[in-house]
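Everything on this sheet refers to the single structure shown next.
The values are calculated or read from the model by the stated rules, or taken from the named source; none is laboratory data. Treat the numbers as computed from the prediction; the structure is a model and nothing was measured. Here the Cβ is made from the backbone with ideal geometry for all residues, glycine too, and neighbour counts use every protein chain on show. Note: accessible area is taken over every heavy atom of the protein model, side chains too, but ligands, DNA and RNA are not part of it. Shrake-Rupley method; radii C 1.70, N 1.55, O 1.52, S 1.80 Å.
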Amino acid sequence: YDAASAARMAAMLECNANEVHKGTVFACLTKKPNGGDVNFFVNQSKKANPKFLAKLMDDHTQQDWRSVLPLMEVPTLVVAGGESKIFPVEGVAECARLIPKSQLEVFENGSHWLYFEEHQRFNGLVEDFLG
């Protein structure tokens, strides 16, 4: 993901946000979502300003936070999906390794939206971590 890719994403969000959002839904889930779920996520995504979404994507892909992560002083739950097409589990595991008080949990069969696909396990994990 480079500057040209960021510019294409920004242009696509401005011109054809529905298709971009729909593609995001399919990329973030391991199983094919039903039409109702697709519509829900697309409609939620459409509430965001396309310019800010493009900036968020640019920030996610262009910033290197590795030097900052070791400075975190609070316990941190780091959750990864083993089947994620968005963030490879190896990269998420490296982030967890760099955060001093982190706990890494990998959902082997999960993707990027673990809170949706495996909501019971995800919610239980968060509750236990916060408990």
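Some notes on this structure:
- Qualifying residue in region 66-87 (condition: part of a helix (DSSP H, G or I) and among the β-branched types (Val, Ile, Thr)): no
- Answer residue from region 111-125, given it is in contact (Cβ under 8 Å) with a residue 40 or more places away in the chain and closer than 20 Å to Val25 by Cα and is least open to solvent (accessible area, probe 1.4 Å) among those: Ser111
- Meets criteria (modelled with pLDDT of 95 or more and not acidic (Asp, Glu)) for Phe52: no
- Selected residue [open to solvent by 60 Å² or more (accessible area, probe 1.4 Å) and in a loop (DSSP other than H, G, I, E, B)] from Lys47, Lys22: Lys47
- Yes/no for Glu108 being loosely packed, with under 13 Cβ neighbours inside 10 Å and either basic (Lys, Arg) or more than 16 Å from the chain's Cα centre (by Cα) (or both): no
- Asp128 open to solvent by 60 Å² or more (accessible area, probe 1.4 Å), assigned to a loop (DSSP other than H, G, I, E, B), free of Cβ contacts under 8 Å to residues at least 12 places away in the same chain and out of contact with any Ser or Thr (no Cβ under 9 Å at 6 or more places or on another chain): no
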